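**Q** I have a structure I would like to understand better, so I am pasting it below and will then ask my questions one at a time.
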């Protein structure tokens, strides 16, 4: 039986790419494997989406899953005038939860370097826009320092999570969560008034 020349729903391409990266990792992802999963020729895949555009859509789908329901958490954190930056602790927990469920996708998002190389401004903003969550809840004179501290915090969190996924330093979940809490208190507690 021959391969199909069309894909019934172009969104299927993104869903299958997401699933393949989730199962096999980004380093093992290819248009041929994707086409095989979709039962189309590999050239058919590129008639719908180029490689970078396809990977951008996978990133958007993954961030959508990480951020699902985050608006309600942001609102609660903004109401906490004494520590509106608590949202970054919430984000770190969400990142770890996602990493546990989808370790290969997490590595793709935060270790492959794809996000830094993409030309898609929407995707690039997903990596750098987290600080905007609390912009209007923090005094303007503290915002730039907070931006720098939040960046350091998220880099540290990603390093801790990637180390955990790689089994480095014998880290177990409890130790990782304690280190995440320490990172929050040391880096963001002072910047956010905590």
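**Q** Scanning region 107-128 for residues that are within 22 Å of residue 152 (Cβ to Cβ) and outside any helix (DSSP H, G or I), which turns out modelled with the highest pLDDT?
**A** The qualifying residue modelled with the highest pLDDT is 111.
**Q** Does residue 189 count as outside any loop (DSSP other than H, G, I, E, B), in contact with a helix residue (DSSP H, G or I) (Cβ under 6 Å, 6 or more places away or on another chain), more than 13 Å from residue 91 (Cα to Cα) and at pLDDT below 80?
**A** In short, no.
**Q** Which of the numbered conditions does residue 142 fail, given that it passes all the others? Conditions: (1) surrounded by 15 or more Cβ atoms within 10 Å (Cβ to Cβ); (2) in a helix (DSSP H, G or I).
**A** So the condition that residue 142 fails would be (1).
**Q** Also: So if I check each of 52, 79, which one is surrounded by fewer than 19 Cβ atoms within 10 Å (Cβ to Cβ) and free of Cβ contacts under 8 Å to residues at least 24 places away in the same chain?
**A** Just one listed residue meets the conditions, 79.
Here is a yes/no grid of residues against (1) in contact with a helix residue (DSSP H, G or I) (Cβ under 9 Å, 6 or more places away or on another chain); (2) in a helix (DSSP H, G or I); (3) under 28 Å from residue 165 (Cα atoms):
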residue	(1), (2), (3)
63	yes, yes, yes
72	no, yes, no
75	no, yes, no
131	yes, yes, yes
135	yes, yes, no
149	yes, yes, yes
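For (1) crowded, with 17+ Cβ neighbours inside 10 Å; (2) assigned to a helix (DSSP H, G or I); (3) not assigned by TED's automatic domain parsing to the domain that holds residue 17, each residue gets a yes or a no:
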site	(1), (2), (3)
45	yes, yes, no
84	yes, no, yes
87	yes, yes, yes
95	yes, yes, yes
105	yes, yes, yes
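**Q** Please state which one of 35, 62, 17 is at pLDDT 90 or above, farther than 18 Å from residue 104 by Cα and surrounded by 16 or more Cβ atoms within 10 Å (Cβ to Cβ).
**A** Step by step, each of 35, 62, 17 is checked, and only 35 is at pLDDT 90 or above, farther than 18 Å from residue 104 by Cα and surrounded by 16 or more Cβ atoms within 10 Å (Cβ to Cβ).
The values are calculated or read from the model by the stated rules, or taken from the named source; none is laboratory data. None of these values were measured; they are calculated from a predicted model. Quick reminder, even Gly has a Cβ in these numbers, built from the backbone with ideal geometry, and neighbours come from all protein chains shown.
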